[in-house]
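Single-structure report; data block below.
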Amino acid sequence: MLTAVLFSMASCKEKVVDDGYIWKKLRVTATAYNSFPSQTSKIHPGITAWGDSIKPGMKIIAVSKDLIPLGLDYNTQVKIKGDTSIYLVKDKMHSKWKNRIDIYMGEDKEKALQWGRKKITIHYRVKRDSTEMK
């Protein structure tokens, strides 16, 4: 009887589903931004470089263009170490920036200033086959 119970418990373990994605790790410089004309676009401060409308409360990041070929492309899911949220890549930064992300903080300028600039570790989700050597 004990053997049957142990076998039954073992088969009830959570199964890991291979959805074809992996999480890659990267160390970047992180800053914060707001949807103000002085920080984004003078004409459309609430529109990202990829054309999405954003509003306060959304978990959005902008990436430096050198990170896009690494897999940090449009709509990529990103986890920031120390934060339980999942962010989406919805914006691109000016080409002068390298190895950098910009975290969207809505219209809370004080929060963005408090964040400042820091080195952080992120994890981002990419298709497994996109990381294979060809």
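The values are calculated or read from the model by the stated rules, or taken from the named source; none is laboratory data. All values reported here derive from a predicted model rather than from experimental measurement. Reconstructed Cβ throughout: ideal geometry from the backbone, glycine too, with neighbour counts over all protein chains shown. Keep in mind that these areas ignore ligands, DNA and RNA; they rest on the heavy atoms of the full protein, side chains included. Shrake-Rupley method; radii C 1.70, N 1.55, O 1.52, S 1.80 Å.
For LYS81 and PHE36, FRET efficiency with R0 = 22 Å and r from the beta-carbon atoms, rounded to 0.05? Here the calculated transfer efficiency is 0.20.
Take ARG128, ARG117, ARG27 and sort them by solvent-accessible surface of the protein heavy atoms, 1.4 Å probe, largest at the top.
On the way: ARG128 85, ARG117 175, ARG27 135 Å².
Listed by decreasing accessible area, they come as ARG117, ARG27, ARG128.
Which pairs, out of LYS25/LYS90; LYS24/LYS109; LYS59/LYS96, put more than 22 Å between their alpha-carbon atoms? The answer is LYS24/LYS109; LYS59/LYS96.
Hey, which aspartates and glutamates would be in cross-link range of LYS119, C-alpha to C-alpha under 20 Å, not counting anything within fewer than 8 residues on its own chain? Reachable aspartates and glutamates: ASP66, ASP83, ASP91, ASP102, GLU110.
Relative to the present Cα-Cα distance, how much length would full extension add between SER95 and LYS119 at 0.36 nm per residue of separation? Let's see the in-between values first.
Values: separation 24, 0.36 × 24 = 8.64 nm, distance 1.92 nm.
Here the segment from SER95 to LYS119 would lengthen by 6.7 nm.
Summarising the label geometry, the points placed 7 Å from Cα in the beta-carbon direction at TRP23 and LYS109 lie 3.6 nm from one another.
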